[in-house]
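Asks: A single structure is presented below for examination.
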Amino acid sequence: MSTTPAHAAMNADVEPRRPRRWLRIVSGTFVTVVAVASLGVAALQLGLPWQMGEGDRNHVYEGPAGSQRYQVHLPPQHDGSARLPVVMAIHGCAMTGYGWNSMKATTQFNNLADREGFIVVYPTQLISRNVIACWNSADPREQQRHTGEPALLAGVARQVVEEYDADPAQVHVAGASSGAGTAVILAATYPDVFATVTSVAGGEYGLNQVDPDDPDSTSPLDTARQAWAQMGERARQVPLLVIQGERDEVVPPLVATRLVAHWTAVGDLVDDGLPNDSLALTEETVSVPADAGRHAYTHSTITTSDGSSLVEAYHVQGMGHAWPGPNGEGRYTDRAGPDASEIVWDFAVRHPMR
């Protein structure tokens, strides 16, 4: 078919617009896909509105180190009649605080809090800071006061105490895996904020300096000196609870053994600045046999001369890389283990900040 000048002019006007129209369509589709994906990621990390229970409150902390999202659970006892204790629960890698595969579901702290009367705080790591949602406890930049994740999480704790009139002498932190490493870092960087620390499948301050193929090249005392130095003028003996699975292939039992030695050395240094066993520590171990589908475990207590425990450690036979507890839900739970959440709370009750 022949093309007249009129047709040619009309085609010249129409045809160049087609690519631009398709570009708009493709661009719009791309924006829509990104928006949907972002909403999906947000739902996984931060949960959905209907997943919030009675007493749950979502917050964002803003400070010099940046921003941090977290959820607070208030028990029925939060009625203004008393200042309640606080337990901060820090999740591990490939977990969230209160979204998908959450620390909230894993620990079941909310049910315990409603019964016992304490506030629970669930910070959640964003994939913008770590692609698999780990806390960056192996990064030296995240091991110091006033910066990075320690500053954010301490800021969250202080904000919760202020906003909900909680007891500042009873703010406790418990972490799992990378979150356990961060919990120990918080004990070293903010001993004035956190009364106790619990490590479930975690390691010592400065664990990144320890060569897995030659761990003896860096002693627990070496890293203990660094943790004590971080405490500075705020140095105090922060009670530590350790829970470790004997079949953990992600964080081997040796890491927990080092952590106990490390934190005992920190306490010794806090006493008089010297690694001289000045605390006159005593150690007692109780063994609990397996029974009715439950793992056997040992409970060791390292006690100072005044009768207070400096370090307590549970070594659970047959347990891998998991948070133990009969009611836990999530990928990293072991229902045959002792109830870690109950143990954490009992430890916290016995160790308010002095």
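Asks: Kindly list the number of the only condition in (1) without any contact (Cβ under 8 Å) to a residue 60 or more places away in the chain; (2) touching a strand residue (DSSP E or B) at 6+ places or on another chain (Cβ under 8 Å); (3) among the small types (Gly, Ala, Ser); (4) under 24 Å from residue 334 (Cβ atoms) that fails for residue 292.
Replies: All conditions are met except number (2).
Asks: So in segment 95-117, with the set limited to residues that are assigned to a loop (DSSP other than H, G, I, E, B) and in contact with a Pro (Cβ under 7 Å, 6 or more places away or on another chain), which one is surrounded by the fewest Cβ atoms within 10 Å (Cβ to Cβ)?
Replies: Only one residue tops the list, namely 117.
Asks: Let me ask something else. Anything in segment 49-91 that is in a loop (DSSP other than H, G, I, E, B), of a type in the set (A, V, I, L, M, F, W, C) and closer than 13 Å to residue 118 by Cα? List them, or say none.
Replies: 74, 82, 84 - these are the residues of segment 49-91 that are in a loop (DSSP other than H, G, I, E, B), of a type in the set (A, V, I, L, M, F, W, C) and closer than 13 Å to residue 118 by Cα.
Asks: Among the residues of segment 66-88, is any farther than 24 Å from residue 323 by Cα, free of Cβ contacts under 8 Å to residues at least 60 places away in the same chain and of a type in the set (Asp, Glu)?
Replies: Checked against the condition, which is being farther than 24 Å from residue 323 by Cα, free of Cβ contacts under 8 Å to residues at least 60 places away in the same chain and of a type in the set (Asp, Glu), segment 66-88 yields at least one hit.
Asks: Scanning segment 280-309 for residues that are modelled with pLDDT under 95 and surrounded by fewer than 15 Cβ atoms within 10 Å (Cβ to Cβ), which turns out nearest to residue 177 (Cα to Cα)?
Replies: So the residue we want is 293.
Asks: Please go through segment 280-310 and give me each residue that is within 30 Å of the chain's Cα centre (by Cα), in a loop (DSSP other than H, G, I, E, B) and at negative phi, ordered by number.
Replies: 281, 289, 290, 295, 296, 304, 308
Asks: Residue pairs, Cβ under 6 Å, 6 or more apart or interchain, first in segment 230-244 and of a type in the set (S, T, N, Q), second assigned to a helix (DSSP H, G or I). List them.
Replies: 230/188; 230/189; 237/267; 237/270; 244/253; 244/256
Asks: I'm trying to understand the selection: among the residues of segment 90-101, which are over 17 Å from residue 183 (Cα atoms) and hydroxyl-bearing (Ser, Thr, Tyr)?
Replies: Of everything in segment 90-101, just one residue is over 17 Å from residue 183 (Cα atoms) and hydroxyl-bearing (Ser, Thr, Tyr), namely 98.
Asks: Six or more apart or on different chains, Cβ atoms under 6 Å: show the pairs whose first residue is in segment 316-336 and farther than 16 Å from residue 249 by Cα and whose second is of a type in the set (A, V, I, L, M, F, W, C) and crowded, with 16+ Cβ neighbours inside 10 Å.
Replies: 325/340; 329/105; 330/105
Asks: Within segment 311-354, restricting attention to residues that are among the aliphatic types (A, V, I, L, M) and part of a loop (DSSP other than H, G, I, E, B), which residue is nearest to residue 170 (Cα to Cα)? Reasoning before the result, please.
Replies: If we filter segment 311-354 for residues that are among the aliphatic types (A, V, I, L, M), which is where we start, we get 311, 313, 316, 319, 322, 336, 340, 343-344, 348-349, 353.
Now narrow it down to the ones that are part of a loop (DSSP other than H, G, I, E, B): 319, 322, 336, 353.
Details: 319: 30, 322: 26, 336: 29, 353: 6 Å.
So, considering only residues that are among the aliphatic types (A, V, I, L, M) and part of a loop (DSSP other than H, G, I, E, B), the one nearest to residue 170 (Cα to Cα) is 353.
Asks: Right, another one. Take the residues in segment 310-329 that are surrounded by fewer than 20 Cβ atoms within 10 Å (Cβ to Cβ) and among the small types (Gly, Ala, Ser); name whichever of them is nearest to residue 240 (Cα to Cα).
Replies: Ranking the qualifying residues of segment 310-329, first place goes to 320.
Asks: Against the condition touching a Phe, Trp or Tyr at 6+ places or on another chain (Cβ under 7 Å), more than 20 Å from residue 106 (Cβ to Cβ) and either modelled with pLDDT under 95 or aliphatic (A, V, I, L, M) (or both), how does residue 270 come out, does it pass?
Replies: Details: touching a Phe, Trp or Tyr at 6+ places or on another chain (Cβ under 7 Å): yes; more than 20 Å from residue 106 (Cβ to Cβ): yes; either modelled with pLDDT under 95 or aliphatic (A, V, I, L, M) (or both): yes.
Taking the combined requirement at face value, the residue satisfies it.
Asks: Let me ask you something else. Considering each residue of segment 340-354, count those that are closer than 25 Å to residue 254 by Cβ and touching a helix residue (DSSP H, G or I) at 6+ places or on another chain (Cβ under 9 Å), and give that number.
Replies: Counting residues in segment 340-354 that are closer than 25 Å to residue 254 by Cβ and touching a helix residue (DSSP H, G or I) at 6+ places or on another chain (Cβ under 9 Å) gives 2.
The values are calculated or read from the model by the stated rules, or taken from the named source; none is laboratory data. Note that the structure is predicted; figures quoted are calculated from it, not measured. Every residue, glycine among them, receives a Cβ derived from its backbone with ideal geometry; neighbour counts consider all protein chains shown.
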